[in-house]
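Engineer: Next up is a structure, given as structure tokens.
The values are calculated or read from the model by the stated rules, or taken from the named source; none is laboratory data. Keep in mind that this is a model prediction, so the values were computed, not measured. Heads up, the Cβs are rebuilt from the backbone with ideal geometry, glycines too, and the neighbour counts pull from every protein chain shown. These accessible areas exclude ligands, DNA and RNA; they are computed on the full protein's heavy atoms, side chains included. Shrake-Rupley method; radii C 1.70, N 1.55, O 1.52, S 1.80 Å.
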Amino acid sequence: MSSLSSMKDNQVFLAFSTYAIIVILKMMLMSFWTSYFRLTRKAFANLEDTKLVSPTEDKKLVIVNPDVERVRRCHQNDLENVIPFVLVGLLYTLTGPELSTALLHFRVFVGSRIFHTIAYVGCLPQPSRGLCFMVGVLVTFSMAWTVLSTAL
Amino acid sequence: MSSLSSMKDNQVFLAFSTYAIIVILKMMLMSFWTSYFRLTRKAFANLEDTKLVSPTEDKKLVIVNPDVERVRRCHQNDLENVIPFVLVGLLYTLTGPELSTALLHFRVFVGSRIFHTIAYVGCLPQPSRGLCFMVGVLVTFSMAWTVLSTAL
Amino acid sequence: MSSLSSMKDNQVFLAFSTYAIIVILKMMLMSFWTSYFRLTRKAFANLEDTKLVSPTEDKKLVIVNPDVERVRRCHQNDLENVIPFVLVGLLYTLTGPELSTALLHFRVFVGSRIFHTIAYVGCLPQPSRGLCFMVGVLVTFSMAWTVLSTAL
């Protein structure tokens, strides 16, 4: 375990850590985007939250708003894709891939998810969002394949 | 960290990697199942997606469909159970368990989630789905217990 | 990889494992809380589940119940925050932080999520829940910052 104390000896692991953190932070920012839309659109999920914009609790503010729901679907899609990327990517990193190959995987994935978010929240016409989703999935599948090939 | 470069020295880690990848891929396939049902049932979550099956954007196709929702609930249940399994399983693997014990955990979990999906999407009568869920949870609890026993 | 076989050589890793398991188990308990409310409130998501409390399948029990939805929103918030904590925390642990600093991060996060659950399910007035959420996010951001500083 002592060799785990330092990340500085493995370039692929350093790259993975950087890109994993970036894409996890991007995913977590969706929470704040949701909160921002709930406050500005005055559309809350809980009665007690309505007091944040109203002097008294107001049942009429416990409503579903399309902007809020769109950001939440984008957040959900992140959960469904970013977390598998990080988990598979960690195992992939441990197979000892080439740095250039690994960097290609990590960068394409992070790029695809940033464009996915822009396409989703910006309501861009399809298939822009679908393509971004597919690119991210294919990167994860490629890493999964490398792990299975190494393990079996 | 250099010792992380190769997965080939640890049988339990190789087994964990294989089963973790299998169950993550199974979880990711739910996205495609959802898309397939959205396209064939013509039930979309976003207005811009309706153009995939209609010449113009069609508000009437932004509806909730029970088949789509069922697959999505199954996907959600995977998120709630498969990700904890992979996270706890990684820590469990690092405690240095017996290969046979570890394989038993991993195989029972993967089997339970495959049957859970069949029971959910196939609308099998209860308690089939509930039992599959419980078996998976118990495997994760057993691994969590081993980690806590080792760490404390 | 052989050095991964034992967790006993790294105090920070032992601490991380313990707190990660605690907070993952807390998250998984939300599933049982949901099931408990579904059974006692008689509000199910699937027609086949209604047979658990009714002699025949009963469409009238496939309804949305506010208590069930509240627990589910709390579970969803856990997925959105606990999983990033565990993933970022694992990378953070590998940067070799001071044990006391690491323990502070882990303990504050676990505490914030336990109070978050109490505030959410107990319908405590805001900003109690919002503050608990923010504390947890700030802990994860702090660990993410440490990982990025070490990796870059």
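Engineer: Quick check on B:VAL64: is it open to solvent by less than 30 Å² (accessible area, probe 1.4 Å), of a type in the set (A, V, I, L, M) and under 30 Å from A:ARG73 (Cα atoms)? Talk me through it step by step, then tell me what you get.
Structural biologist: Numbers: open to solvent by less than 30 Å² (accessible area, probe 1.4 Å): no; of a type in the set (A, V, I, L, M): yes; under 30 Å from A:ARG73 (Cα atoms): yes.
So B:VAL64 fails the test.
Engineer: Scan segment C:40-59 residue by residue and report those that are more than 19 Å from B:ARG70 (Cβ to Cβ) and out of contact with any Asp or Glu (no Cβ under 7 Å at 6 or more places or on another chain). Explain how you work it out, then say what you get.
Structural biologist: Of the residues in segment C:40-59, the ones more than 19 Å from B:ARG70 (Cβ to Cβ) are C:40-42, C:53-56.
Hits for segment C:40-59 are C:THR40, C:LYS42, C:VAL53, C:SER54, C:PRO55, C:THR56.
Engineer: Still on this structure, please answer the following. Of the numbered conditions (1) under 17 Å from the mean Cα position of the chain (by Cα); (2) in contact (Cβ under 8 Å) with a residue 24 or more places away in the chain, B:MET28 satisfies every one except a single condition; which is it?
Structural biologist: The number of the failed condition is (2).
Here is a yes/no grid of residues against (1) β-branched (Val, Ile, Thr); (2) modelled with pLDDT of 95 or more; (3) open to solvent by less than 20 Å² (accessible area, probe 1.4 Å):
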| site | (1), (2), (3) |
| --- | --- |
| B:PHE32 | no, yes, no |
| B:GLU57 | no, no, no |
| B:LYS60 | no, no, no |
| B:LEU79 | no, yes, yes |
| B:SER112 | no, yes, yes |
| B:GLY122 | no, no, no |
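Engineer: Please verify whether C:SER17 is closer than 25 Å to A:VAL71 by Cβ and of a type outside the set (Phe, Trp, Tyr), treating the condition exactly as stated. Outline the logic, then answer.
Structural biologist: Numbers: closer than 25 Å to A:VAL71 by Cβ: no; of a type outside the set (Phe, Trp, Tyr): yes.
Taking the combined requirement at face value, the residue does not satisfy it.
Engineer: Is it true that A:CYS74 is crowded, with 19+ Cβ neighbours inside 10 Å and under 30 Å from C:GLY122 (Cα atoms)? Don't jump to the end; show me each part of the working.
Structural biologist: Numbers: crowded, with 19+ Cβ neighbours inside 10 Å: yes; under 30 Å from C:GLY122 (Cα atoms): yes.
Here the answer is yes, as A:CYS74 does meet what is asked.
Engineer: Then there is this: Which of the helices (runs of 4 or more DSSP H) found entirely inside segment B:49-152 contain at least 1 residues meeting this: in contact (Cβ under 8 Å) with a residue 60 or more places away in the chain and more than 8 Å from every other protein chain (Cβ to nearest Cβ)? I'd like the intermediate steps shown before the answer.
Structural biologist: Details: elements: B:66-94, B:99-121, B:128-151.
The helices (runs of 4 or more DSSP H) meeting that bar are B:66-94, B:99-121.
Engineer: Can I ask one more? Report yes if C:ALA102 is over 18 Å from the mean Cα position of the chain (by Cα), among the small types (Gly, Ala, Ser) and open to solvent by less than 20 Å² (accessible area, probe 1.4 Å), otherwise no. Explain how you work it out, then say what you get.
Structural biologist: On the way: over 18 Å from the mean Cα position of the chain (by Cα): yes; among the small types (Gly, Ala, Ser): yes; open to solvent by less than 20 Å² (accessible area, probe 1.4 Å): yes.
So C:ALA102 fits the description; yes.
Engineer: While we're looking at this one, here's another question. What residue, among those in segment C:9-53 that are out of contact with any Leu (no Cβ under 6 Å at 6 or more places or on another chain) and hydroxyl-bearing (Ser, Thr, Tyr), is farthest from B:GLY96 (Cα to Cα)?
Structural biologist: Among residues in segment C:9-53 that are out of contact with any Leu (no Cβ under 6 Å at 6 or more places or on another chain) and hydroxyl-bearing (Ser, Thr, Tyr), the one farthest from B:GLY96 (Cα to Cα) is C:THR40.
Engineer: Also, quick follow-up: Tally the residues that are of a type outside the set (Gly, Ala, Ser), more than 24 Å from B:PHE13 (Cβ to Cβ) and under 18 Å from the mean Cα position of the chain (by Cα), restricting the search to segment B:124-152. Give the steps one after another, and end with the answer.
Structural biologist: First, pick out the residues of segment B:124-152 that are of a type outside the set (Gly, Ala, Ser): B:124-127, B:129, B:131-135, B:137-141, B:143, B:145-148, B:150, B:152.
Adding the requirement that they be more than 24 Å from B:PHE13 (Cβ to Cβ) leaves B:124-127, B:129, B:131-134.
Next, only the ones that are under 18 Å from the mean Cα position of the chain (by Cα) stay: B:129, B:131-134.
Adding up the residues that qualify gives 5.
Engineer: Among the candidates C:THR95, C:THR101, C:THR140, C:THR150, single out the residue that is polar (S, T, N, Q) and closer than 24 Å to A:VAL71 by Cα. Let's see the steps before the verdict.
Structural biologist: Working: C:THR95 fails: closer than 24 Å to A:VAL71 by Cα; C:THR101 fails: closer than 24 Å to A:VAL71 by Cα; C:THR150 fails: closer than 24 Å to A:VAL71 by Cα.
None of the other options fit; the residue is C:THR140.
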